[in-house]
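Here's the structure we're looking at; comments come further down.
Every read-out reported here was derived from the displayed coordinates using simple, explicitly stated rules and does not represent laboratory data. Quantities reported herein were computed from a predicted structural model and do not represent experimental measurements. Note that each Cβ is placed from the backbone with ideal geometry, even for glycine, and that neighbours are counted across all protein chains shown.
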Amino acid sequence: MPNLSDKPKQSIPKELRYSVKDFNNEFPNDDACLRYIAEQRYPNGVAYCKQCKVERKHYRVGNRTAFACDHCGHHIYPLKGTIFEKSSTSLRLWFYSMYLMGSTRCGISAKQIQREAGVTYKTAWRMFHQIRSLLSDEDLQLEGPTVEIDETYMGGRRKGQRGRPMRGDLVKTPVVAIVQRKGKVIAKAVKDVTKKTVYPLIRKHVVPESVIYTDEFPTYDNVSKIKLLGGTGGTPANYKHDTIRHADGVYVRGDVHTNSVEGFWMLIKTGIRGVYHSVSVKYLQNYLDEYSFRYNRRHMGNQQFRSILERAVLKAR
Ligand SMILES: [Zn+2]
């Protein structure tokens, strides 16, 4: 049994709490949400005006989502390029969905928001999906000194059905997770768990000289021989690799264990089983990103919401 010493703290320091009441106070309506987005993108209302070719103060245009240059009147649109731009769903509902996503540990289902907000399941699902799509920590580097790597298989499996799998049936997908002890996680859905697929991930996310713990799965055999640039030439990454022999029933040998990554699997599998029931291959990476995003910010308390909001506002295309 993995110990869950790395699991998120249950009690959140006061200054990190952000309740539904706080949310309602800060974002009572669509207008407040729009102003928030505008302020994030154009602090103090100052933005570059294409027409004037300088930074200008902008002011809100009536009830519209536009802001106008106070010199020439040229319009800018703070929702442009964001996930909100072409949506007919109210901004406040978008914000509330992000709030819910940032307040849960186990995930939140489209059903829940459908019930609470009275939108259709399809709308709720699409909203969550778009929020999730912003949450990947693609270039995250795990700073060591100790990381654990493990693989598992996820995604739905047909239950109670017999016969040949049909098109669209759910199949298991391999997932590799790299967890920095007491730190962050990278989780990737991969096409297979060969060295060719897994080593580039290690090289990308684990800093040289790190100590890497895995189980005895053969893919990890040559982890200590990984080169910085891939291939056989080049500088070695100098990973120090040690394995724990789960096959022998050994789970902890001193510092050698994979409890952190096992804890992560438990969190995500419990969540997916409980909240989403199953996840299709197509969207698995999105769910992995959602869980990793929260895991990586687990000490931030409900300020996770702020962090999701930041992605939605500033990751404008
Ligand atoms: Zn202007």
Relative to the compact globular guide of 2.2 N^0.38 Å, what is the alpha carbon radius of gyration of the chain, as a ratio? 1.16
Anchor LYS182: aspartates and glutamates whose Cα lies under 14 Å away (excluding residues fewer than 8 positions away in-chain): ASP6, GLU143, GLU148, ASP255, GLU262
³J(HN,Hα) computed for each position of the range 208-214 - Karplus, 6.51 cos²θ - 1.76 cosθ + 1.60, integer Hz, glycine/proline x: x, 6, 5, 8, 10, 10, 9
Estimated dipole of the chain in Debye, rounded to 20 [Cβ of Lys and Arg +1, of Asp and Glu -1, Cα centre]: 1100
Dividing the Cα radius of gyration by the Kirkwood radius, what Rg/Rh value follows for the range 230-306? 1.09
Most mobile of SER292, SER103, SER224 per a Gaussian network model of the chain (Cα springs, under 10 Å)? SER224
Taking the Cα centre as origin and putting +1 on Lys and Arg beta-carbons and -1 on Asp and Glu beta-carbons, what dipole magnitude results for the range 1-142, to the nearest 20 debye? 320
Give me, ordered by chain and number, the residues 5 or more places off ASP215 or on other chains with an amide H under 5 Å from its own placed amide H. ILE244
Low-density loop GluC sites (Glu not before Pro), the range 6-95, at most 13 other Cβ within 10 Å, DSSP non-H/G/I/E/B, are GLU85
Ordered by residue, what ³J(HN,Hα) values in Hz, to whole numbers, does the range 251-261 give under the Karplus form 6.51 cos²θ - 1.76 cosθ + 1.60, where θ = phi - 60° and Gly and Pro are x? 10, 9, 10, x, 7, 7, 6, 10, 5, 5, 5
For helix 121-132, what angle does its Cα long axis make with the longest principal axis of the chain, in degrees from 0 to 90 and rounded to 10? 70
If ASP192, ASP215, ASP137 are placed from fewest to most neighbouring beta carbons inside 10 Å, the sequence is ASP192, ASP137, ASP215
Among ASP289, ASP70, ASP30, ASP248, which comes first, then next, by fewest other beta-carbon atoms within 10 Å? ASP248, ASP70, ASP30, ASP289
Gaussian network model of the chain, Cα springs within a sub-10 Å range: biggest mean-square fluctuation belongs to which of ARG181, ARG56, ARG92? ARG56
Given backbone amide H placed at 1.01 Å from N, residues whose amide H is under 5 Å from that of LEU142, ignoring those fewer than 5 places away on the same chain, are VAL206, VAL207
Percent relative contact order of the chain, based on C-alpha pairs within less than 8 angstrom and at least six residues apart? 24
Could you tell me which residue out of MET266, THR243, VAL206 lies farthest along the dipole of the chain toward its positive end? Charges go on the beta carbon: Lys and Arg +1, Asp and Glu -1, centred on the Cα centre. MET266
Which cysteines in the chain lack any other cysteine whose Cβ sits under 4.7 Å from their own Cβ? CYS33, CYS72, CYS106
Take the residue pairs LYS196/LYS282; LYS204/LYS240; LYS188/LYS240; LYS53/LYS80; LYS195/LYS315; LYS21/LYS80 and return only those whose Cα atoms are more than 24 Å apart. LYS195/LYS315; LYS21/LYS80
TYR283 versus THR89: modelled label distance in nm, points set 7 Å from Cα along the beta carbon direction: 1.1
